[in-house]
Every structure is written in C-alpha cells, then in structure tokens.
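Here is the structure we will look at.
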Amino acid sequence: MSWDQDLEEVRRQYAAEPGAPLPVATTRPFDPALLPLPIVAHDMVPADPGEIGFDAQGRPVAATSGSSSFAWEWRADGSVLERAQLPLGPRVQLIRRDAIVSVDLSGRRESVQRITWDGDVAVRADEAVRWEGGGTDVARRAFTGRDGTVQQVRRVHANAEGDFEAGLTAAARLFPVEVHWTATGPLVWPGLDAARALVEPLTEALDRAFRDAAAESAIEDPFLLHVVTPVRGPALPPTAYLAGAAWRAQRGDTAARNLWQGVERGLVAELSVKDRLDTDALRACALLSVQHPEAWDMLAEVQLRLAKRLEPGAGRLAVVDASHGADALSGHTGGADVDAFRRALGGPVSVEPVQAAMTDRDALAALLDASGLDAQLAYDVAEEGLALVPGDGRSHFGAPALLPPGEAWPDGHTFLAAIDLTEAGRGTGWLLFFADLDRFEWMDHNRPGTTIRVFACAEPVVADGPCIGSRALAFRPLLQLPSWYTAREELGLDDAQDEAYSELCDRMIDQWPEGWHWFGGLYTGIQSDPPEPAGTVLLLHLDDDDELNFMYGDGGSIQFRIPPAALSAGDWSKVTAVGCSS
C-alpha cells in the first residue's frame, strides 16, 4: 500500500491556513464515540468535558474537549479531513475507512494507520509512526460489550522497523495487552457534592488494587512503594514503583530516587492497577481527572487519603506523589515515619571511586574493570561533558541578553544562555541560545522564522528582550558514559554486563551536580532516548529549573544538537533543538 499521495495532501493541509468554521446546526455533550476517528485509532482518547457540533446532515463538524479543539471537513470521496488543536500543538489527519494518515508536532512526526473492521465497529488499528531519526510501531485492539459498542482498547508498541509499510507489517504481528482506554460514557462534571461522594470509594478501590498488585509482584522484602501520576493520559488511576531489599542494598541512601531505573533489572516492579478496578472506580477516575478546578481539589483529596491508607510503618514507606517525581522522599510530607525510613536505608554506598572515575579516565577504566566490564570503554566511549554550575564567569543563563552586533531580536523568542567558548575551552567566540517557548513543540531547526535560534559571533553586544532567570556560570568537566536505552546493543553487552553497566551509570548520574545543565557530553534527557537526530552531538542541555523560571513540558528539557561535521566547520545553521518531557 502506498501512502505518498495522502501524506502529501496532509502535509499541504498542515502548512495551509485553516478555512472558516463550518456552520453548526445542533450540539451535544462531548463523547469520543461520536467522532469521525474510531476509538481504536486514537493515540490519546480525548475525555475532558466539552461539546460536539453537528451540521444539518447530523455529521460532526466541530468539537471541544478541555483545552483541545477539533474541526472536520467531510469530502465527496468519503474521507474526512481533521484539524485539531491539542496541548502539544496542531495536528492534521486524513481519515478514510481503512486508512488514516496524520502529521503533527510542527510537521516533524507522521503516522499511517491501517484499520480493521468487524461490521460497523473498528476493532484494530496497526500504526507506523515516524519522525526524523526514529519512530515506533503500535497496535491497538478494541473490545466490545454486549451492545456492540467499544468498551476497552488495549495497546502495545515496539521500536520502529523500516518504512511505513514495514512498520505496519511489524505492528500487525504485535499482541496488544496494555489497557489504553476504558469506556466511561460522556463526562459531564457532576458538581462538587457528587464528586466528593466518589472520593472515599475510589480511595478504597485504589488501596485494594495496589496492595493486590504488590502482593503478586516478584519483589522480595519490599520497603518502598512510590505512587506516581502517569506520564501520559489522565491523572487517575495512578501507577506505582515497588522497590525491594536488593535495590536498597545497591543504592544505599539514594534508594528512594529514580526507581524506574531498577525496573529492567528486576529490582523494582512497575505496578499498574487499571485492570484491577471495576467500572464504577474507572468512571470515578475519569471524572476526577478532568480539567476542572473542583476536580483538582478532589484529586488532591484522593491522593492524601490513599497515602494514609497505604502507609506501612517504620522502616518502610508508601508515597503518593502528585507528579511523576524522581525522588520519593521529596513528594512526602515528612514526619517520624520518614526519619525512620531514612535510618533504615543505611549509610551511603561509597562514592569515592565513582567521583574519581568522573574526572580521570584511568580511574574510570579501573571502575569498569572492577564491575566486570571492558576497561577500554573509558578511553573509546566515555566523553567529557561540561556541567554548567553557578560561578562567576562571563558565560551565563538569562540576563544580560546578548546578540551579535547588528542582529535583530528574534520575534517572540526568550534569551536562554550565552556561552563563552574560550572560557569553556572549546574554541573562541560566543554561542547565544534563544527559543520561542510558547511555540516550540518538540523539534525545530536553527533558521530565521523558526522557534529556536543559535547565533555565533566573536564578541556580542547587550540587547533588550525577555530572558529566563539570570545565573553566572562555571564549567565543571565530568566524564560520561552513554546511558540511553539502546546503549546495551550498541556496546554489545550481555545480560550480566548490562546490569553492571546500568548500575555504574546510575551511580555516576547520582553524583552529578544539581541542575543537570550541560554543555557537550552524552546526556540525552529524562526519557533516556538515544541521541536525536541520530548522529548529532550535544551543544547545550537546559533542564527544568524553578530558579531560572525555565520549564518545558512536565519536568522536561530542551537540547541543542549539531552534526559533528557541522560543529567542526562552525556551521551553526545545522543546529537542531529537541524537547524531552517526562
């Protein structure tokens, strides 16, 4: 099957200005089952309250759901063109009965879906998603109730294989198991009193579900349950990480941080409870997750009550975190239980060999060898990154803003950072970093009119414009090993080596200075994705920082990257900015 024609059409429509909205004859409360896009084809099923507008023929032509909006154009050939404004930016889709193509994220991400029908119900969607330097293959399967309507969708995804056609073939071999969506009916805020009545029954159901999931896990001698808000989708139901004694023995007094790093090694279990909740509990989850101020208050009450129910006692801890936090103890309110828990963790694992390995390649080689790994990695793979720490140098975040002499302020942009390359020991001159933080979505290139700009000059001048918070900088050189999730394959590690390597990388990351801002090096972000675009190297990594008043997504970061050949040639037009969010 060829997707070229439909993709070209959607690309054109994405770049074009939308037409005038179509007239609406009637409206109804928002219900995703009434949309032109089948439930099974949604990457994220919209569920917030809103309304759908229908034309005189009864076809949906416009809708709102929370902060998202949709418009549909019905075409003579039976297809539907959708334009959507979503929290992450605009999306355009061409919807046909058996195939759907989509472009979003500033035109950087494209997808193709093949839809399978059982009568009038779309029961499976096989999807190939591609972006510059990467992609994923996805399968979703719909399950219907006795009345023939879709009641649940399950999902699975895998690393991309080849082009769109190869990806669709790969997706068709996948077996969806993860619960992606469960029907709750149209969501209409029921009022504060009715919502308050849902809090205690839902808390009881979540408490029971997490206890059952923990009891069935393979974690021996559990000591910490960290309940977190899901990265994607509604706030309820939450997920959790359960850590056991083996994780504590390896991590010492840092055992309450970054529990996700222990999942692949079997030292921490990730607990999902969606399958353990009945229809009433799932509907309560959906209602209390909507974008409504009263819902936020009731969500906070559920979290508070759940924390009290799950609390196991001295030396063990249960934390219910309102975010997807990395540190369980920072999400806890404190008290004697936390003090007892800290004492139970024991003393810190010795960090002296790790600290030495971060500044000396011979020390890193010795540490690799002691971990059963190839010592040569210290010389062939490890790279030096410059941690950007508070200092008194000319390089700085935020004000004063700098520009090359005669250069106009890029429209809508905020000044991020000025790096004196001489001060950094990376050449001469300056690099100046800007971004339009309101419009930057996920990836963009350094060209006039785009959402990111990087300027190079011998000596900049002070300029007037919006800036993030101000901080003078110093450069702290530290050795780094690649810690992204494909490093195992790239380095040819077996299972035992992979576990030792991951543990070593974790211990090194634990010793990084606060802030996690970098100039150069191998860090790629909180999701541990491989470098993107592929084959580029890091210029600047700017992480979420309250003191700088800098935030991207949910505790995320923005990286400025460049191909090595362009870096050597000083061709800054090849810089790409990539966002990463938790």
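Some notes on this structure:
- Site pair Thr486 and Ala408 shows an inter-label distance of 4.0 nm when each label is modelled 7 Å from Cα along Cα→Cβ.
- Simple label model, 7 Å out from Cα along Cβ direction - Asp193 to Ala463, nm: 5.9 nm
- Potential lengthening between Arg361 and Arg476 on full extension [0.36 nm per residue; Cα-Cα distance subtracted]: 39.8 nm
- Using the Cβ of His396 as centre and a radius below 14 Å, the other residues enclosed give a net charge of -3, where K and R count +1 and D and E count -1.
- Across the chain, Cα pairs under 8 Å and at least six residues apart give a relative contact order of 9 percent.
- Helix screen, the chain: DSSP H segments with Cα axial length of 30 Å or more and mean Kyte-Doolittle hydropathy at least -0.5 are 192-216.
- Label zone of Arg146 (point 7 Å out along Cα→Cβ, amide N under 20 Å): in segment 244-281 this covers 278-281.
- Stokes-Einstein diffusion coefficient of segment 128-266, Kirkwood radius over Cα pairs, 20 °C, 1.002 mPa s, in µm²/s: 115 µm²/s
- If you bin all the Cα-Cα distances of the chain at 20 Å, starting from zero, the percentages per bin are 18, 49, 31, 2.
- Anisotropy class of segment 47-163 from Cα gyration tensor, a/c 1.5 cut: oblate
- Reference-scaled alpha-carbon Rg (2.2 N^0.38 Å with N residues) for segment 168-234: 1.60
- Taking every DSSP helix (H) stretch of at least 4 residues in the chain, weighting each as -39,500 (n - 2.57) and dividing the sum by the residue count yields a mean residue ellipticity at 222 nm of -7000 deg cm²/dmol.
- Compactness of segment 360-458 as Cα Rg over 2.2 N^0.38 Å, two decimals: 1.47
- Spin-label model distance (nm) - Arg12 vs Glu165, 7 Å beyond Cα toward Cβ: 2.3 nm
- Local net charge near Val199, Cβ-Cβ under 14 Å (Lys/Arg +1, Asp/Glu -1): -3
- Per-residue HN-Hα couplings for segment 316-322 [Karplus 6.51, -1.76, 1.60; θ = phi - 60°; Hz; x = Gly/Pro]: 10, 8, 10, 10, 10, 9, 6
- In this structure, Ala370 and Glu514 have a Cβ-Cβ separation that, at R0 = 30 Å, corresponds to a calculated FRET efficiency of about 0.60.
- The local environment of Asp506, defined by Cβ-Cβ distances under 12 Å, has a net charge of 0 under the rule Lys, Arg +1 and Asp, Glu -1.
Every number here is computed from the coordinates shown, using simple stated rules; none is lab data. Note that the coordinates shown come from a computational prediction; the quantities given were computed from them, not determined experimentally. Cβ: placed from backbone, ideal geometry, glycine included. Neighbour counts: every protein chain shown.
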